[in-house]
1. With angles folded into 0 to 90 degrees, how steeply does helix A:191-206 sit against the dominant principal axis of chain A? Use alpha carbons for both and round to 10.
2. Scan chain A and report its longest stretch carrying no GluC sites (Glu not before Pro) that are both in a DSSP loop and have at most 10 other Cβ atoms within 10 Å.
3. Please check chain A for the longest run free of trypsin sites (Lys or Arg not before Pro) that are loop-located per DSSP (anything but H, G, I, E, B) and have at most 14 other Cβ atoms within 10 Å.
4. Work out from phi, with θ = phi - 60° and the Karplus expression 6.51 cos²θ - 1.76 cosθ + 1.60, the ³J(HN,Hα) of each residue of region B:30-45, listed in order in whole Hz, and give x for Gly and Pro.
5. Run lengths n ≥ 4 of DSSP H only: what is the helix-derived mean residue ellipticity at 222 nm for chain A, with -39500 (n - 2.57) per run over all residues, to the nearest 500?
6. Just how far, in whole angstrom, is region A:3-28 from region A:238-283 if you go by their alpha carbon centroids?
7. For region A:63-108, just say rounded, prolate or oblate: build the C-alpha gyration tensor, square-root its eigenvalues into a ≥ b ≥ c, call rounded for a/c under 1.5, and beyond that prolate if a/b exceeds b/c, oblate if not.
8. Between A:265, A:181, A:34, where does the largest GNM mean-square fluctuation fall for chain A, given springs only between Cα atoms within less than 10 Å?
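Rule-based calculations on the coordinates, nothing more; no lab input. This structure is a prediction, so every number in the text was calculated from the model and none was measured. Note that each Cβ is placed from the backbone with ideal geometry, even for glycine, and that neighbours are counted across all protein chains shown.
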Amino acid sequence: MRIAVLSGKGGTGKTLVSVNLATVAEKATYIDCDVEEPNGHLFFKPNNIESQDISVKVPYVKQEDCNGCRTCVSFCKYNALAYIGEKVIVFDDVCHSCGGCVLLCPQHAMSEKAKYVGNIKKGTSENVTVITGILNIGVASGVPIISELLKRPLDKGTDFIVIDCPPGSSCAVMESIKDADYCILVAEPTIFGAHNLKMVHDLVRLFGKPYGVVLNKCQDGDNPSERFCIENNINILMKIAFDSELGKFNSNAEIAARVDSKYRDMFTGLLQLVAKEVSHETATSP
Amino acid sequence: MKIAMPVNEKSMETTICHSFGRTPYFLVFDTKSMESVFAHNSAATSQGGAGVKAAQAIVDLGVEALITPRCGENAAEVIKTANIKMYKTINESIKDNIQAFNDSKLSTLDEIHAGFHNQAGK
């Protein structure tokens, strides 16, 4: 069972929900796909870390073999190539590693070289296998690392996977949720929060994923995100109160479900609810 | 001398466009013959790398000086490699900028931003 946790904006509580959900499972794999700023590992403090470098392929031009035909420049839909002063210039950051220019070059002047973009770290924290993607500073797209994170073989006996997504609803999020069985949308009780909830809601519907909402930082008074859920008949899985105690756990990088029985019970309830939703979903739409 | 600037419409009365890569048109002006040509910027609608593509077009048009309010780093690299001079616009008026260029009153564009990468105007 793959559960993706996402939200339209940062700071709503994706990592809070992901980390605690993985903690209350008997055995789980937590995958941090927020590769620009992964912070799940701060809570899990995993041991026995194994690291693997990730690179992508970018074109390399042997200028002396180039005859200036510009086939590569006009082919590249991302405009990663320019032909200036009888030389091909490659803009690595704009390149999407499609390899088309190398295939099409009539002079065979182009080949591919590896560009190091980040790494993946894997470790364990009690019952949880923690896998973290880290994108190098200055690299434009985290998608290659996310795709690598999600295709790694899992340890035996871990069939429960929590995917902590990047914020927003862009390519990186789509890559993170595409194979998920269920999506949990985390939302804040603000107008901005509701607006961003609508964006991820549109996204998970577009992907045809079953989903439910966790309302975080709930206080007395109007909750625009809750209103959005009620108006659109969206399943509210859980409400987390705006609680200074929980804030302290977080600031101290403690996992609430490991240190407090109230939160352990709360997230166990969420896990059971989501598991039920997923089994119901497989039964009705296999 | 052939100079170019990003402009919003195909008219000498129009204003300078704030975006280099995604400007709808480039005005190419010959300071000797006083001839003006408005070139459509096909990079304006590209998904990404608009600056690179627009800069390539500027190079291919045979422009010797570019006058623009700002320029991203990828586009600037292309422009610099092609030895095209870059100047900063003084205001939104095409005529004022041409006049200032002719009077050698424009300063070179030194601040190059990191690029908006699809975020411009959003």
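1. Around 70 degrees separate the two axes.
2. Working: sites that count: A:26, A:86.
No qualifying site falls inside A:87-286, the longest such stretch.
3. Numbers: sites that count: A:62, A:77, A:151, A:156, A:178.
Within chain A, the longest run free of exposed trypsin sites (Lys or Arg not before Pro) spans A:179-286.
4. 9, 5, 7, 7, 6, 7, 10, 10, 9, 9, 5, 8, 6, 6, 3, 9
5. Details: 11 runs with 101 residues, N = 286.
Calculated at 222 nm, the ellipticity per residue is -10000 deg cm²/dmol.
6. After rounding, the separation between the Cα centres reads 9 Å.
7. Details: a/c = 1.89, a/b = 1.30, b/c = 1.45.
Oblate is the answer for region A:63-108, as a/c is 1.5 or above yet b/c matches or exceeds a/b.
8. Answer for the Gaussian network model of chain A: A:265.
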